[in-house]
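All remarks here apply to the structure that follows.
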């Protein structure tokens with residue numbers, strides 16, 4: 001944005017030090033077209049962002065949106081380090097980090113005046129990140145299973161716990177090293193078993209009962225390795241990732257939303273304070289119904305604009321957000337460390 | 001009987017070494033095999049053979065862009081480490097000043113600090129002085145962690161050299177620059193080469209520092225691979241790892257042919 005680029009340094013200087021000092025500020029010098037920097041996860045996510053949001057934005061404004069790949073902790077740290085001149089103009093965040101950004105007053109309020117398409121996004125999804133952003137995309141943490149080995153999958157968290165405890169099958173659940181585990185597993189299962197944010201005893205009791213028939217996944221890809229190798233038959237996982245895996249050829253895999261409701265794991269969009277005002281136009285494109293339909297079709301995840309009409313393929317796959325368990329992100333953030341500590345003491349994996 | 005007794009430890013040692021190498025290399029072999037799978041997802045054993053995931057590396061532009069950035073920053077950080085590290089070593093390795101050890105320890109300290117802490121702290125410091133998220137910042141941060149490798153190896157070689165070589169050249173009328181160029185530099189070259197190799201590899205593989213300085217045009221390969229894995233399960237990252245492995249092996253062969261790996265570890 002305002003600094004030297006690698007080309008200016010390595011290409012220009014015959015002397016490294018001189019190159020560092022005099023490589024120039026090509027973005028200032030060559031500032032012909034307006035540019036903003038937006039964020040995305042890599043791979044299919046980035047390709048979907050370019051197709052569904054960047055392309056219409058660039059077409060409408062004539063400006064360029066550079067896509068920075070990475071992850072929410074990285075982008076939040078970058079904005080926190082330089083709030084007066086944030087290096088990214090649009091943040092893609094997990095709800096807990098979105099709340100941290102909101103509390104630190106690093107991001108702007110979302111209003112319909114700035115974002116006309118916000119009117120088509122349910123208010124709860126904006127309120128969940130303190131009105132300083134909104135959830136535009138979500139997955140559900142439910143039950144993924146191997147159809148070939150589990151013909152009668154558990155329909156609820158209750159049934160899941162009972163049958164895994166009895167050794168009917170081996171289940172794979174996220175380990176505590178995975179950032180979303182406190183929400184998608186601890187809170188979701190505790191709530192389903194009669195507890196909640198203030199009482200996660202039912203979850204830890206259930207884990208103690210299931211411990212002989214559990215394996216843990218540390219990263220999302222581990223889960224598929226465990227399922228394809230036969231190490232696990234069923235597990236707690238995300239719907240969108242499951243369907244992507246199905247579409248890539250793993251037709252033996254299936255997903256269901258537990259009767260109690262799997263946790264909603266949202267992706268929020270935010271605008272850092274002092275970021276380029278053109279970011280509002282880009283975010284408005286993210287919240288647009290037609291763009292979200294295309295995004296959902298590529299990603300197999302639910303989107304939040306109320307005018308969205310899912311394709312036939314997605315209709316049987318997407319769980320409406322109202323049928324999920326909506327996590328109290330703010331309350332969970334307060335007790336998260338205690339849960340992690342208890343997990344380490346009682347489960348240790 | 002006596003012969004059997006003496007050979008038993010040898011057999012046990014051989015078995016241990018073989019098992020050790022199998023243990024170390026088997027996961028790498030699995031990655032290489034998986035990179036040739038015909039399946040659309042990572043699974044082992046593989047259902048069939050295909051090179052499509054290597055094609056995917058070149059189709060997905062961020063992989064190639066990030067690979068170029070990684071190579072550029074690794075070369076830049078290695079050059080800077082040598083430019084800063086070699087003169088520092090020449091002075092500090094033989095200095096009798098009390099503070100010389102303290103300065104050397106300070107320069108080596110990044111080795112004993114978690115890289116994620118260095119990355120996080122560098123981001124805030126460099127942002128505070130106006131450099132922020134940029135290639136310059138990435139290069140500075142990488143140099144901080146690469147410098148100790150050059151320092152360690154060059155200081156090790158230089159401290160072991162007798163002073164008499166340089167003194168003889170000086171007595172014979174060589175200027176300090178001539179002494180350095182014709183005597184010192186050839187003698188410490190193995191240390192510089194070894195340090196440069198470590199430095200390059202440390203920078204090339206680095207994730208925790210690069211992570212904080214990633215932007216649209218400064219993302220390195222490990223950052224893009226991590227981000228890719230967040231939502232993608234295809235074996236293209238395995239193919240990319242195989243390609244990286246191949247590049248490293250080719251680089252080692254080239255270095256060995258041009259310079260000699262042995263000379264990097266044994267002072268000539």
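The values are calculated or read from the model by the stated rules, or taken from the named source; none is laboratory data. Model, not experiment: these values are computed from the prediction. Note: ideal-geometry Cβ built from the backbone for every residue, glycine included; neighbour counts use all protein chains shown.
Annotations for the structure displayed:
- Residue within region B:35-58 that is within 18 Å of residue A:45 (Cα to Cα) and without any contact (Cβ under 8 Å) to a residue 40 or more places away in the chain present: yes
- Residue satisfying condition, being surrounded by fewer than 22 Cβ atoms within 10 Å (Cβ to Cβ) and either more than 10 Å from every other protein chain (Cβ to nearest Cβ) or modelled with pLDDT of 95 or more (or both), within set A:33, A:101: A:33
- The one condition in (1) crowded, with 20+ Cβ neighbours inside 10 Å; (2) out of contact with any helix residue (DSSP H, G or I) (no Cβ under 9 Å at 6 or more places or on another chain) that residue A:251 fails to fulfil: (1)
- Scope region B:35-86; condition more than 10 Å from chain A (Cβ to nearest Cβ), crowded, with 21+ Cβ neighbours inside 10 Å and touching a strand residue (DSSP E or B) at 6+ places or on another chain (Cβ under 8 Å); matching residues: B:37, B:53
- Screening A:315, A:274, A:300 for residues that are out of contact with any helix residue (DSSP H, G or I) (no Cβ under 6 Å at 6 or more places or on another chain), at positive phi and not assigned by TED's automatic domain parsing to the domain that holds residue A:210 leaves exactly one candidate, A:274.
- Against the list (1) over 30 Å from residue B:50 (Cα atoms); (2) in a helix (DSSP H, G or I); (3) modelled with pLDDT under 85, the condition residue B:252 fails is (1).
- Total residues in region B:207-240 satisfying the condition of being part of a helix (DSSP H, G or I) and either farther than 18 Å from residue A:250 by Cβ or at the interface with another protein chain (Cβ under 7 Å from one of its Cβ atoms) (or both): the figure is 18.
- Annotation: residue A:107 fulfils all but one of (1) buried (at least 21 other Cβ atoms within 10 Å of the Cβ); (2) away from chain B (no Cβ under 14 Å); (3) touching a helix residue (DSSP H, G or I) at 6+ places or on another chain (Cβ under 9 Å); (4) more than 21 Å from residue A:276 (Cα to Cα); the unmet one is (4).
- The set of residues in region A:199-225 being within 11 Å of chain B (Cβ to nearest Cβ) and either out of contact with any helix residue (DSSP H, G or I) (no Cβ under 8 Å at 6 or more places or on another chain) or in a helix (DSSP H, G or I) (or both) consists of A:220, A:221, A:222, A:223, A:224, A:225.
- Within the option set A:137, A:127, A:201, being buried (at least 19 other Cβ atoms within 10 Å of the Cβ) and on the phi < 0 side of the Ramachandran plot holds for one residue only, A:137.
- Test: residue B:70 is closer than 30 Å to residue B:143 by Cβ and assigned to a helix (DSSP H, G or I): yes
- Within region A:80-98, being within 13 Å of another protein chain (Cβ to nearest Cβ), in contact (Cβ under 8 Å) with a residue 24 or more places away in the chain and not in a helix (DSSP H, G or I) holds for A:83, A:84, A:85, A:86, A:87, A:88, A:89, A:90, A:92, A:94.
- Residues (touching a helix residue (DSSP H, G or I) at 6+ places or on another chain (Cβ under 8 Å), farther than 16 Å from residue A:94 by Cα and touching a residue at least 40 places away in the same chain (Cβ under 8 Å)) located in region A:111-130: A:114, A:115, A:116, A:117, A:118, A:120, A:122
- Checked against (1) under 22 Å from residue A:167 (Cα atoms); (2) touching a residue at least 40 places away in the same chain (Cβ under 8 Å), residue A:228 passes all but a single condition, namely (2).
- In region A:315-329, the residues that are over 19 Å from residue A:268 (Cα atoms) form Cβ pairs under 8 Å with partners that are at pLDDT 90 or above and assigned to a strand (DSSP E or B), at six or more places apart or across chains, as follows: A:317/A:255.
- Any hit, region A:138-159, residues being part of a strand (DSSP E or B) and farther than 30 Å from residue A:72 by Cα: yes
- Summed over region A:48-79, residues that are more than 8 Å from every other protein chain (Cβ to nearest Cβ) and either free of Cβ contacts under 8 Å to residues at least 40 places away in the same chain or assigned to a helix (DSSP H, G or I) (or both) total 21.
- Scanning region A:155-185 for residues that are closer than 21 Å to residue A:220 by Cβ and either at pLDDT 95 or above or surrounded by 17 or more Cβ atoms within 10 Å (Cβ to Cβ) (or both) yields a count of 18.
- Every listed requirement among (1) more than 13 Å from chain A (Cβ to nearest Cβ); (2) outside any loop (DSSP other than H, G, I, E, B) is met by residue B:174 save one, (2).
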